[in-house]
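Novice: Please see the structure below; I have some questions.
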Amino acid sequence: MFYIEKLSEGRKKYPWFINTALPAIIVMLVLSITLIVYWRASLQQVESQRHEIVSRRAHNALSSIQARIITYEDILLTTRGLFNENAQITDRRWQQFVHALDLEERHPGVYSLGFIEVAESGGDNTAEKATITRVTSPYEKNIASETGYDVYADPEVKRSLERARDNARATILRAENFELHNSSASSRKSFLLVMPVYSSNHDAGTIEERRQELSGYAFVSFLNDDFFTSVVSNEDSYNYQLYSGAIVEENELLYDSSDTNEVNYDGAVSTSTETVSVADKALTIVVANTRSILSPEAVARPTAVLVAGSSFIFFVTGFIYLLTRTRTRSLWSHEEAKVQQAKDELLALASHQLRTPATGVKQYLGMLREGYAGPVSQKQAKLIESAYEGNERQLTIVNELLFVARLDAGKVTLDYDKINLTSLVKEIIDEQKPKIDELKQKLELRVADSDIYIEADKGYVRMALENIINNASKYTHEKGKIRVSVSANDENARITIQDTGVGVEEKDIHHLFKKFSRIPNELTGQVSGSGVGLYLVRKIIEAHSGTISFMSKINVGSTFAIDLPITQTASADKALNISQ
Amino acid sequence: MKKILIVEDEKTLNEAYQMILERHGYEVYTAYDGQEAVEITKKIEPDLILLDLRMPRMGGLDFLKQYDLTSSHPDVKVVVFSNMDTKEDIDESYKLGAEKYVLKAWASPKELVKLVEDVLA
């Protein structure tokens, strides 16, 4: 019984959660990691996309700038051509030329166009002068008053121009160094693109030749803002910064579109930096998007991935968990069923094995007792009777143990029948009579006038009552009194068994109905019985939806009161369950 | 004289029942398992069979199946006499036409005789 008990306990402690949840947890972890990787990748992708667009903008802007400068170089080449013919040209010729160029319409970025004449003075190079001899602007009418200004006055400018002369290429200069514009335009930053002009038509080959043949410089000026604004497509979505040089340095900032356009950065920003060479200088552009330049779908994609992925993981995990749980449950219940079957077989076998020899003894002692081997003396009869009783007790114990084990296994079902309770009690008493008479105990039975019928399982009720009456006798002195009464009201039948026995101490009453409780019997000086008798009684009464109560006083006696309902409400077969 | 067939594998019990029933005037046949019971019932038709269930070679229920009580031998009364009282055995026994299912351990010689008398009445 103990082994069987332990198995039941083991069942409750089964680690359901770990076994059923573990696969799901593992899958969830793996999928989550994958999702995170994928999500990060798609975030990265959004970032790259954005950056690519911004880069392209930067690249395009620089290409435009380069193209524009090349256009201006073309103008200067044309201008050079003009002065190649003759360094001194007439005003009229100049006007014609400028007019033909139609700067305002065709090259709106060009602010002014002009020529610087370089004259040798006194054969001494250091005293060279470079004078603005021609300058025209569609935007400044009296710009011509600038003529006569010696650009070589500033040594930096002179150096740059001489370098351009030596390399036969255009150069870009900042106009701050020129006191070129007197008007309001002079407060605005501007550039000059300057190209050396040589007296000979063909390209002078060596530096010496170039120095010799320099007649002057052709130049165009353009205002930063106008230039850059017209080159850079003016959009709200981007911010452009242009720096002189190959690196980004704050004091080399030439143009910042946020000066003219108010910028509110909204959302994720990508920045692209590119450098290009323009004439003989490097120009660096920094482009940043000021707000979202990607389609909403593209931006939302990482979040969508995360949401969709999470939902997917949730459902897959849930599904796997349920699947595993179902499978584990069915496996386990299959296991349980096998264990239960093994238990049942063991029980059945054990009870069979225990009963068989005892049955044999019962037959042979019975035969002896009944005179099959000849007449039996009183003494002999007594001895045989003791043996017979001992054997009967053994059989009873086996029955009780078997019953308790079946209870634990949930294998006991009651068969209800309308039984005559009164006559059943009478029957039991008649059976117990011989033993009771022997102990010189008095057994009194009180019944109602008419027989009381109840709906119950006859076999089990008999077992219960036998047990109690037997107990009463066992725990009562010789010549003691046992009173059994059977009565009923509308709902219940009541059986009370009262004895004048040794009683039970208050502290022990609590244990009385428990399984395997053994309270020493003062009378016999020993603990007898299987210890399950009253537990059994309790279980049987409870299964019938009845109640059992117990009262006792030491050395006065004990009273059992059993109430059984007259009718049973549940279905005919009721299963007893394990609850303690 | 009524014929009783005792089918029981335990020798001591078998002999005890034989002794008891012969003393009360019954013609007793004995078998130690289902197989023997089959052979005996080929030769004689008992009025009552006291049938144990758990036996070697052929058990009580298998014997009943083969014997075909309800159709082939409707006048024969079978009392299943076993020390196992599992629900399955009880149900199966009644299904195969047994008159009663009795726990061996319950019957003293006197009670056995009374049982037989009641069934054959």
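The values are calculated or read from the model by the stated rules, or taken from the named source; none is laboratory data. Just so it is clear, the structure is predicted and the values come from calculations on it, not from any experiment. Cβ sites come from the backbone with ideal geometry, for glycine too, and all protein chains shown count toward neighbours. Heads up: the accessible areas ignore ligands, DNA and RNA and are worked out on the full protein's heavy atoms, side chains in. Shrake-Rupley method; radii C 1.70, N 1.55, O 1.52, S 1.80 Å.
Novice: Filter the stretch A:493-507 down to the residues that are part of a helix (DSSP H, G or I) and surrounded by 14 or more Cβ atoms within 10 Å (Cβ to Cβ) and list them by number.
Specialist: Of everything in the stretch A:493-507, nothing turns out to be part of a helix (DSSP H, G or I) and surrounded by 14 or more Cβ atoms within 10 Å (Cβ to Cβ).
Novice: Among the candidates A:VAL412, A:VAL404, which residue alone is more than 10 Å from chain B (Cβ to nearest Cβ), touching a residue at least 24 places away in the same chain (Cβ under 8 Å) and open to solvent by less than 20 Å² (accessible area, probe 1.4 Å)?
Specialist: Values: A:VAL412 fails: more than 10 Å from chain B (Cβ to nearest Cβ).
Exactly one of A:VAL412, A:VAL404 is more than 10 Å from chain B (Cβ to nearest Cβ), touching a residue at least 24 places away in the same chain (Cβ under 8 Å) and open to solvent by less than 20 Å² (accessible area, probe 1.4 Å), namely A:VAL404.
Novice: With respect to A:GLY360, determine if the residue is among the small types (Gly, Ala, Ser) and within 8 Å of another protein chain (Cβ to nearest Cβ).
Specialist: On the way: among the small types (Gly, Ala, Ser): yes; within 8 Å of another protein chain (Cβ to nearest Cβ): yes.
Criteria met by A:GLY360.
Novice: Identify, please: which residue in the stretch B:89-117 is within 12 Å of chain A (Cβ to nearest Cβ) and charged (D, E, K, R) and is, among those, surrounded by the fewest Cβ atoms within 10 Å (Cβ to Cβ)?
Specialist: B:ASP91
Novice: How do the strands (runs of 3 or more DSSP E) wholly within the stretch A:238-354 filter down when requiring 2 or more residues that are at pLDDT below 85: which remain?
Specialist: On the way: elements: A:238-244, A:253-256, A:271-278, A:281-289.
Filter on the stretch A:238-354 gives A:253-256.
Novice: Output the qualifying pairs, or none if there are none: Cβ atoms under 6 angstrom, residues six or more apart or on different chains, first residue in the stretch A:363-382 and facing another protein chain (nearest Cβ under 10 Å), second residue among the aromatic types (Phe, Trp, Tyr) and part of a helix (DSSP H, G or I).
Specialist: A:LEU365/A:TYR388
Novice: Please identify the pairs in which a residue from the stretch B:71-88 that is within 14 Å of chain A (Cβ to nearest Cβ) and hydroxyl-bearing (Ser, Thr, Tyr) has its Cβ atom under 8 Å from the Cβ atom of a residue that is in a loop (DSSP other than H, G, I, E, B) and open to solvent by less than 20 Å² (accessible area, probe 1.4 Å), counting only partners at least 6 apart or on another chain.
Specialist: B:SER82/B:ASP52; B:SER82/B:LEU53
Novice: Also, I was wondering about something else. Taking the condition over 28 Å from A:GLU444 (Cβ atoms), modelled with pLDDT of 75 or more, small (Gly, Ala, Ser) and open to solvent by less than 70 Å² (accessible area, probe 1.4 Å), does A:ALA543 pass?
Specialist: Details: over 28 Å from A:GLU444 (Cβ atoms): yes; modelled with pLDDT of 75 or more: yes; small (Gly, Ala, Ser): yes; open to solvent by less than 70 Å² (accessible area, probe 1.4 Å): yes.
When the stated conditions are applied, A:ALA543 passes them.
Novice: Next question, about the same structure. So, restricting to helices (runs of 4 or more DSSP H) that lie completely within the stretch B:3-118, which ones have at least 1 residues that are touching a helix residue (DSSP H, G or I) at 6+ places or on another chain (Cβ under 7 Å)?
Specialist: On the way: elements: B:11-23, B:34-43, B:60-67, B:69-72, B:87-95.
Passing ranges, in order: B:11-23, B:34-43, B:60-67, B:87-95.
Novice: Then there is this: Can B:LEU120 be described as in contact (Cβ under 8 Å) with a residue 60 or more places away in the chain, away from chain A (no Cβ under 14 Å) and surrounded by fewer than 17 Cβ atoms within 10 Å (Cβ to Cβ)? Talk me through it step by step, then tell me what you get.
Specialist: Values: in contact (Cβ under 8 Å) with a residue 60 or more places away in the chain: yes; away from chain A (no Cβ under 14 Å): yes; surrounded by fewer than 17 Cβ atoms within 10 Å (Cβ to Cβ): yes.
Criteria met by B:LEU120.
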